[in-house]
Every structure is written in structure tokens, then in C-alpha cells.
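The values are calculated or read from the model by the stated rules, or taken from the named source; none is laboratory data. Remember, predicted model here, so these are calculated numbers, not experimental data. For neighbour counting, all protein chains shown are included, and Cβ atoms are generated from backbone atoms with ideal geometry for every residue, glycine included. Protein only, heavy atoms only, side chains kept; ligands, DNA and RNA dropped before computing areas. Shrake-Rupley method; radii C 1.70, N 1.55, O 1.52, S 1.80 Å.
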Amino acid sequence: MRHRMWWMVGVGLLCGAPALAQQGDAGADDEWRMMRSVLAQGASEARRWQYAWAGGYGAATVFYGVRADQASDEDDRYDARVSAVKTALGLADVLLFPQPHVRAERRLQTLEADGQLDEARALMAGVAAEEQRRRSLRARLGPLLVNLAAGLTIAIDDDRPGDGALNFATGMLVSELRLRTQSQAVSQAHPVQQFTLRAGGGTLPVRYDWVLTPSMAAVSLRF
């Protein structure tokens, strides 16, 4: 009887191992599918954002460039020159510093072909962190400096404080709209969370990320 029991347990283990492997494979497939879907959405939104803002800044730069030369009022020509510089800087920023989703989507294809699931998870966490960084207070520092310089130029150099303040406020409104219309697809589906370990007078930031699919649950830690 005892031998029969051990035999049944052994058979159960041998049969259970393939079942667990199949379950793990199904969970990995679900996770890859989720990552592909989320990054595809983010890449589509990032392309539309770049096309829209590059087109808008480009058209505005041309408009202000023409107005700076042809406006009948000297104040209007001055304001147009300042605004043309601002919109040209905005165009350069949109073109030179695109959102990370398109590049990450191509990288994910390579990682999936090589079966590098941990690296893919790290990629998703990195994109989510980049999305948050591009909406952080630090991301607003550049637009603040540009718009402040433009407003002070009009207010002090051309002695029109009211028009300078209006130029600054309008520029900040446009800049804020540009930041807030960036894709948050990965952050919404793949939130980044972090805590800090403190020991011996030092600190160690630890980023953790939950992965949940119909057939598996896991947590990854990044130090």
C-alpha cells in the first residue's frame, strides 16, 4: 500500500510539472501580448502628438516670421520676432526629443524574439518612468525659462510690461497643453511604484512592479 501511494505521488508530480510549465508559458504569452498592445497604443498616440505639435509649431513659426517682417505696427513686429523664436524652439524640442514609445516598441520586438521577458519588463517600467518624468515639475523648467525670457524681453527691452506678461502667460499655457497631451498609455497600464530602504545612514531606492495576468502573478524589483 505504501509503495502504491508513493507511485501515485510520483505520477502526480510528473503529470503536474508539464501542467505548471504550460501555465507558465500561457502567462508569459499573455504578458507579451499585453506589453505589445500597450506599447502599440502608446506609439500611435506619440506619433499623432508629434505630428500635431510639429505641424502647429512649424505653422506658427512661419506665421510669426512673416508677421515680424510685414506687420504695420512696430510693437506687433517686435512681438512676432519674439514669438517666432519661441515657436522655433518648441518645434526643435518636439522633433529632437520625441516620446519613447516608438523606439520602445521596436526594442520590444527584439526582446520578444529573443525571449527576454525580464528585460521587456524593465523596458516597460522605464517607459512608464519616462512618461512621468516628461510631466514632472523638472520638465516644466525649460518652457518656464523660455517663456520668462520672452516676457521679460518685451516687458523690459521694449518697455511694455502688460504685453510681456500676456506673452509669458500664453506661452506657459501652450507649453502646459503640450506636456499634458503626451501619451500616458504605459503608466496607466503599467504603473511604476517605488520605496526607499534606509540602513546605516544610506538610502537605496527600490522600484517594484506588479505583473498580473489571468494565469500568473509576479513582482519584479529594480535597485
Limited to the range 47-99, what total is found for residues that are in contact with a Gly (Cβ under 8 Å, 6 or more places away or on another chain) and assigned to a loop (DSSP other than H, G, I, E, B)? 1
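Kindly indicate whether any position in the range 164-182 is open to solvent by 30 Å² or more (accessible area, probe 1.4 Å), outside any helix (DSSP H, G or I) and modelled with pLDDT of 95 or more.
There is at least one residue in the range 164-182 that is open to solvent by 30 Å² or more (accessible area, probe 1.4 Å), outside any helix (DSSP H, G or I) and modelled with pLDDT of 95 or more.
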In the range 183-203, what residues are closer than 30 Å to Trp32 by Cα and modelled with pLDDT of 60 or more? Ser183, Gln184, Ala185, Val186, Ser187, Gln188, Ala189, His190
So, in the range 107-126, exactly how many residues are at pLDDT 95 or above and either small (Gly, Ala, Ser) or closer than 14 Å to Ala46 by Cα (or both)? 0
In the range 139-161, residue most open to solvent (accessible area, probe 1.4 Å) [restricted to those that are among the small types (Gly, Ala, Ser) and either touching an Asp or Glu at 6+ places or on another chain (Cβ under 6 Å) or under 17 Å from Ala80 (Cβ atoms) (or both)]: Ala149
Limited to the range 88-138, what total is found for residues that are open to solvent by 30 Å² or more (accessible area, probe 1.4 Å) and in contact with a strand residue (DSSP E or B) (Cβ under 8 Å, 6 or more places away or on another chain)? 3
Can you tell me which residue within the range 74-84, out of those that are open to solvent by less than 70 Å² (accessible area, probe 1.4 Å) and not polar (S, T, N, Q), is nearest to the chain's Cα centre (by Cα)? Ala84
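Could you list, in sequence order, the residues of the range 41-64 that are more than 14 Å from Gly90 (Cβ to Cβ) and open to solvent by 40 Å² or more (accessible area, probe 1.4 Å)?
Gln41, Ser44, Glu45, Arg47, Arg48, Tyr51
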